[in-house]
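Here is the structure we will look at, set down as structure tokens.
The values are calculated or read from the model by the stated rules, or taken from the named source; none is laboratory data. This one's a predicted model, so the numbers in the text were calculated from it and none came from an experiment. In this analysis, Cβ positions are derived from the backbone assuming ideal geometry, glycine residues included, and neighbour counts consider all displayed protein chains. Accessible surface areas use protein heavy atoms only, side chains included; no ligands, DNA or RNA. Shrake-Rupley method; radii C 1.70, N 1.55, O 1.52, S 1.80 Å.
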Amino acid sequence: MDTFYRLLGAARERIGWVLSGLAIAAIVAIILVRESRDVPPPASSALTVTTATLANVEVNRSITANGSIHAWQEIIVGPEVGGYRVAAVHVDVGDRVKRGQELVRLRDDLLTADLSSRRANLQQAEAALETAAAALRRAEALSKSGVLSQSDLDQLRSEEVAARARVEVAKADLEAAELRLRYTRVTAPDDGVISARNVAVGQVAQVGTEMLRIVRQGRLEWRAEIPESRLRDIKIGQDVVLTTADGATLKGK
């Protein structure tokens, strides 16, 4: 009997605990329901749309490249006669020159004397030609009367031809002497800027040696190294801004 009452008491205690748990759970549920009713519903999100009119716009693109500056064309100036000393140098590096301007002068004493000698030789040859021509004319007149033989007439004709040839040779020698004398004036073949000087007064000029260099028409070119993938973007006439090593800015096309 005592055991029965002990079991009954234990059962009542367990039932009490279960009922207490259920009561607590019910209270918590009621609180959550009330809190959920107090929380306002989330606001619906609004979508803002902005309209714009499409238009074509040019976008400037640039290509960065490295390169070096070279002369467009460089003229090497040297003497056309050799063996004569330099008498005067009229220009220096950086000077602008014009076509035909005298740059260097060589001593022309010997060439002037040679020119005078060539002129005298021509006059002598022309005098000999006049003599031979006159003799031939007289011989031709006498040959009609039979006084002069045919062989003598042929001899005089041959002498006249030889005298005429000596005149032509003397003329050619004179022209060559005049040309050599003119070559003692070293002139600029075109407009430009002196970029190098390798001549000094007193040195003996030799044919083929470099005296001066001229940047033809003063024109320089920047030779850029463009990546192969950007070559199609390069067009004739595009503007180029070049920044040199010292920070100077140059504009070109």
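A few comments on the model shown:
- Heavy-atom SASA rank of HIS70, HIS90 (probe 1.4 Å, accessible area, largest first): HIS90, HIS70
- Kirkwood-based Rg to Rh ratio, segment 203-253, C-alpha trace: 1.20
- With Rh defined as the Kirkwood radius, the inverse of the mean 1/r over Cα pairs, the Rg/Rh of segment 67-144 is 1.39.
- With a 1.4 Å probe rolled over the protein heavy atoms of all chains, the accessible area of LYS251, LYS98 falls in the order LYS251, LYS98, largest first.
- Set of lysines with alpha-carbon distance to LYS253 below 23 Å, sequence-local pairs under 8 removed: LYS235
- Equivalent-ellipsoid semi-axes for segment 103-252 (Cα gyration tensor, √(5λ), whole Å, largest first): 66, 22, 10.
- Environment charge of GLU102, counting only residues whose C-beta is closer than 13 Å and scoring Lys/Arg +1, Asp/Glu -1: +3
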